[in-house]
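Contents: one structure, followed by commentary.
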Amino acid sequence: MSLNPFPYQLYLVISEADCVGRNFLQVAEQAILGGVDVIQLREKNSSTDSFLAKARQLIELTEKHSIPLIINDNTEVAEKVNAAGIHVGNSDASPVYLRQQSLFSQKIIGYSIEYLFQLDNEQTAVSDYLGISPVFRTDTKTDTITEWGLEGITKIRQLTAKPLVAIGHIHLGNAREVMNAGANCLAVVSAICSAKDPQKAAYQLKNEILK
């Protein structure tokens, strides 16, 4: 298992498309200034070359602010930019496989949970955190299986000591409820990327987490 802890509380998942016409690097920096402490670059519809180009730009920013950059799914991009970690789902490279690779042996590995039985498998055992996806259905992620809801987070919390990163239609109005249900960290997309003022949106969310 990785020696890297996962002490983060506000997790931004960003893509260029999610930033609704604004420069995604500017949105990311505003989010960091507002309190985001880890960023995942998720470019599902980009070519590897385009994804890599964006990752290289973003990691300059995250390193400047000492913020870890997680790459969604793409091992090639994660390797080439020397990202802090990678997040994978059930149809991607497995956490066990990644942990066996020297490049990822000490990196942060996140793993999406879609079924309760996954909590008992070897993939979960070697992961640093579990992505509970989605808590509530969202237009930004349409290929999901289970809508966990608050009850689902509570159930998972009872079954594992792993850090839980909750994602899926999380916003200022429900952030505290999600934390109270058992999440360790909130991952958001549109609540920051689409906000009129990303820095203010991140600041308000972080304050809800810290209450």
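When the trypsin sites (Lys or Arg not before Pro) in the stretch 27-88 are filtered for DSSP coil states and for at most 16 other beta-carbon atoms within 10 Å of their beta-carbon, the remaining sites are K44. Put simply, the amide H of C185, placed in the peptide plane, has neighbours under 5 Å in L164, A166, leaving out anything fewer than 5 places away on its chain.
Partners of K155 within straight-line reach, counting lysines whose Cα lies under 22 Å from its Cα and excluding those fewer than 8 residues away in the same chain: none found.
For the chain, modelled as a GNM whose springs connect Cα atoms under 10 angstrom apart, the maximal fluctuation among L69, L103, L58 occurs at L103. For the chain, DSSP calls about 5 percent of its internal beta bridges antiparallel. Distance from a point 7 Å along Cα→Cβ of Q26 to each backbone N in the stretch 33-68: keep the residues under 17 Å and list them by number. Only 33-34, 58, 61 pass the distance filter.
A simple spin-label model places the labels of K200 and T146 3.8 nm from each other, with each point 7 Å out along Cα-to-Cβ. Only lysines eight or more places from K211 in sequence, or on another chain, were considered; those with a Cα closer than 21 Å are K200. List the residues whose amide H sits under 5 Å from the amide H of Q9, counting only those 5 or more places along or on another chain, with H placed 1.01 Å from N in the peptide plane. Correct list: D37. Under a 5 Å amide H cut-off, with hydrogens placed 1.01 Å from N, Q40 pairs with L12, V13, I14, I70 among residues at least 5 apart or on other chains.
Each residue, N180 and L116, gets one label point 7 Å from its Cα in the Cβ direction; the gap between the two is 2.3 nm.
In this structure, the residue pairs whose Cα-Cα separation is over 20 Å, taken from K64/K162; K44/K196; K80/K107; K107/K162, are K64/K162; K44/K196. Whole-Hz Karplus values for the stretch 104-121 come out as 9, 4, 10, 8, 6, 10, x, 9, 7, 9, 10, 9, 4, 5, 5, 5, 9, 8 Hz, taken residue by residue from phi with 6.51 cos²θ - 1.76 cosθ + 1.60 and θ = phi - 60°; glycine and proline positions read x.
Throughout, read-outs are computed from the coordinates displayed, never taken from laboratory work. Here the structure is a predicted model, which means the values were calculated and not measured. Counting neighbours? That spans all protein chains shown, and the Cβs are built from the backbone with ideal geometry, glycine included.
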